[in-house]
Structures are given as structure tokens and as C-alpha cells.
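The values are calculated or read from the model by the stated rules, or taken from the named source; none is laboratory data. Keep in mind it's a predicted model, so treat the numbers as computed, not measured. We place every Cβ from the backbone using ideal geometry, glycine too, and count neighbours over all the protein chains shown. What goes into the accessible areas is simple: the full protein's heavy atoms, side chains included, and nothing from ligands, DNA or RNA. Shrake-Rupley method; radii C 1.70, N 1.55, O 1.52, S 1.80 Å.
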Amino acid sequence: MTSDLDAICFRAHDPAALARFWAGLLRREAEGDGTLAPAADGGFRLRFVRSDEPKIAQNRAHFDLTSESLEEQRETVARALELGGQHTDVGQLPEEEHVVLADPEGNEFCVIEPGNKFLAGCGFIGALSCDGTPEVGRFWSAALGWPLVWDQDEETAIQAPGGGPKITWGGPPYMPRRGADRLILDLIAPDVDRLISLGATRTGLGTMTDPDGNEFRLLTR
């Protein structure tokens, strides 16, 4: 039995403030517990939980936000800056057309230029873009029952059968793991033994890691 992806979870020093930033940027309403419900275009549910862990390195996962036009790309960047975001340097080249920003707690995200065919039709959150091996992409494909929509050149991507954002893994080279993961997956997992058989490892009460060592949480309905 496959697991369900319930949310992308941000570990935050100030969960309420970070939820307000992302609600404003994505133009979504926050629910009573601060969770942002999935968008009409299939965008992920977002959850924000308290963590005192410092951010000491570039995140191994980030959102790619899509644009229908250069004007929309500029508007998204301007809205992010007005809400407290900032430009950040992750080694992008001057000729690259996407814009790299960070939210108020330093979590990186990209505003992708119009005309990106890989993210066409994926919604405003086009992808959760992750650093990772092909094996971890295949693990998540099997765990969630999402088909692989890309599997070549040591890069993988999966997408829900009904469409919506993709989850992608790229590399090598892979970023070193420094500090706790700040963006993690929240799963509804009816069959934990199946996750273990696919390559997951228990790490604590309600937490596991995938074959690349990325932590994820197990929730109950």
C-alpha cells in the first residue's frame, strides 16, 4: 500500500511569521493551525513547525516557482521582496534567467523564467527541487505511487498521477549534509514495513530517513 504525501514541512524559528510570508507569496489563506492548504492547481500543502536548529548551509531542497511571462516573474520577485524575502547567491551564473531568492529565514527558492518546458502545466509551485541520487527518486516513486517522469543523466523526477508539482532530484556532485533538513516531507504511511523494504530507515518516534538520509515524518490521519 502506497503512502500519501500530506505536506511539505518547513522547520522554522518563527513558524507563524514564515507561514505569513509563504501565504502572501503564494496568495493562499492560512488555516487555523498555520498550515497552507493545497492550491487549486494541485500545489503542495505547506506546514510550518517550530525548530531551534540553526540554518548553517544551503538547503538540499527548494521550491521552483513558475512564471507565465517576464512581467509575472518580475511581479513574483517584487512581492517576495516586499514580504521580507531577499536575493541570495547559490552560485548561479549571470546568464541564467531564473532569479534566486530566500525567504525571511534563509530558505532558498527560485523564480523560474517563462517558457520552461519541464515545468509547463505544473502550477505556480512547479517543483520541489532536491539534491539527491537516482536511487532516492526511485524510492519515492515507489513509496508514493507517483510515476517517474524523468530518469536519465543521473537525475530523476516524479509527479502525482493527477498532475501538479514535480519532485526532482539532481546531481552529482551532491551537496554535503550540514545540519538538520529544513524542508521535509510529511507522510501518511499505512504500511511502514513497506517503506523499510524499499530502503527507508527508522530514526525515532514518527521519523524515518530515505535511502539518501533525508528525514521525513510519519503522520496519522
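Computed values, structure above
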{"quantity": "Probe 1.4 Å, all protein chains present, accessible-area order of D131, D41, D103, largest first", "calculated": "D41, D131, D103"}
{"quantity": "Fully extended contour minus Cα-Cα distance, from A17 to T201, at 0.36 nm per residue", "calculated": "63.0 nm"}
{"quantity": "Prolate/oblate/rounded label for the range 109-190 (Cα gyration tensor, a/c 1.5)", "calculated": "rounded"}
{"quantity": "Karplus-derived 3J(HN,Hα), 6.51/-1.76/1.60, for each residue of the range 33-49, Hz, glycine and proline x", "calculated": "8, x, 6, 9, 5, x, 7, 4, 7, x, x, 4, 5, 10, 10, 10, 10"}
{"quantity": "Under the Karplus curve 6.51 cos²θ - 1.76 cosθ + 1.60, θ = phi - 60°, whole-Hz ³J(HN,Hα) for the range 151-168, x wherever Gly or Pro sits", "calculated": "7, 6, 6, 6, 10, 9, 8, 10, 8, 4, x, x, x, x, x, 9, 10, 10"}
{"quantity": "Per-residue [θ]222 nm for the chain (sum of -39500 (n - 2.57) over DSSP H runs n ≥ 4, rounded to 500)", "calculated": "-6000 deg cm²/dmol"}
{"quantity": "Beta bridges by DSSP in the chain, antiparallel share as percent, to the nearest 5", "calculated": "65 percent"}
{"quantity": "Distance in nm between pseudo-label sites at Q92 and V192 (7 Å out along the Cβ direction from Cα)", "calculated": "4.0 nm"}
{"quantity": "Cleavage-rule hits, chymotrypsin sites (Phe, Trp or Tyr not before Pro), the range 1-87, DSSP coil, Cβ neighbours within 10 Å at most 13", "calculated": "none"}
{"quantity": "Under the span-like rule (Cα at least 24 Å along the axis, Kyte-Doolittle mean at least 1.6), DSSP H helices of the chain", "calculated": "none"}
{"quantity": "Tail weight of P(r) past 33 Å, computed on alpha-carbon pairs of the chain, percent", "calculated": "10 percent"}
{"quantity": "Accessible surface of the range 1-118, 1.4 Å probe, proportion on carbon and sulfur as whole %", "calculated": "48 percent"}
{"quantity": "Spacing of the two label points (7 Å from each Cα toward its C-beta) at V49 and R74, in nm", "calculated": "4.1 nm"}
{"quantity": "Exposure of R45 as accessible area (Å², to 10), given a probe of 1.4 Å and all protein chains", "calculated": "70 Å²"}
{"quantity": "Where GluC sites (Glu not before Pro) fall in DSSP loop in the range 24-97, at most 11 other Cβ within 10 Å", "calculated": "E29, E68, E95, E96"}
{"quantity": "For the range 177-194, Karplus couplings with θ = phi - 60° (6.51, -1.76, 1.60), whole Hz, Gly/Pro x", "calculated": "7, 10, x, 6, 5, 9, 10, 9, 8, 9, 10, 9, 10, x, 9, 5, 4, 5"}
{"quantity": "G42 long-range amide H proximity, modeled H, under 5 Å", "calculated": "none"}
{"quantity": "Sparse-neighbourhood loop sites, GluC sites (Glu not before Pro) in the range 100-136 - DSSP loop, at most 15 other Cβ within 10 angstrom", "calculated": "none"}
{"quantity": "Rounded accessible area of L70 (nearest 10 Å², 1.4 Å probe)", "calculated": "100 Å²"}
{"quantity": "Relative contact order for the range 57-174, counting Cα pairs under 8 Å that sit 6 or more residues apart, in percent", "calculated": "26 percent"}
{"quantity": "Accessible area per residue in Å² at 1.4 Å probe, computed on the chain", "calculated": "48 Å²"}
{"quantity": "For F48, residues with placed amide H under 5 Å, excluding near neighbours", "calculated": "F10"}
{"quantity": "Surface accessible to a 1.4 Å probe, R178 within the full protein complex, Å²", "calculated": "140 Å²"}
{"quantity": "Fluctuation leader among G132, G32, G84 - the chain, Gaussian network, Cα springs under 10 angstrom", "calculated": "G32"}
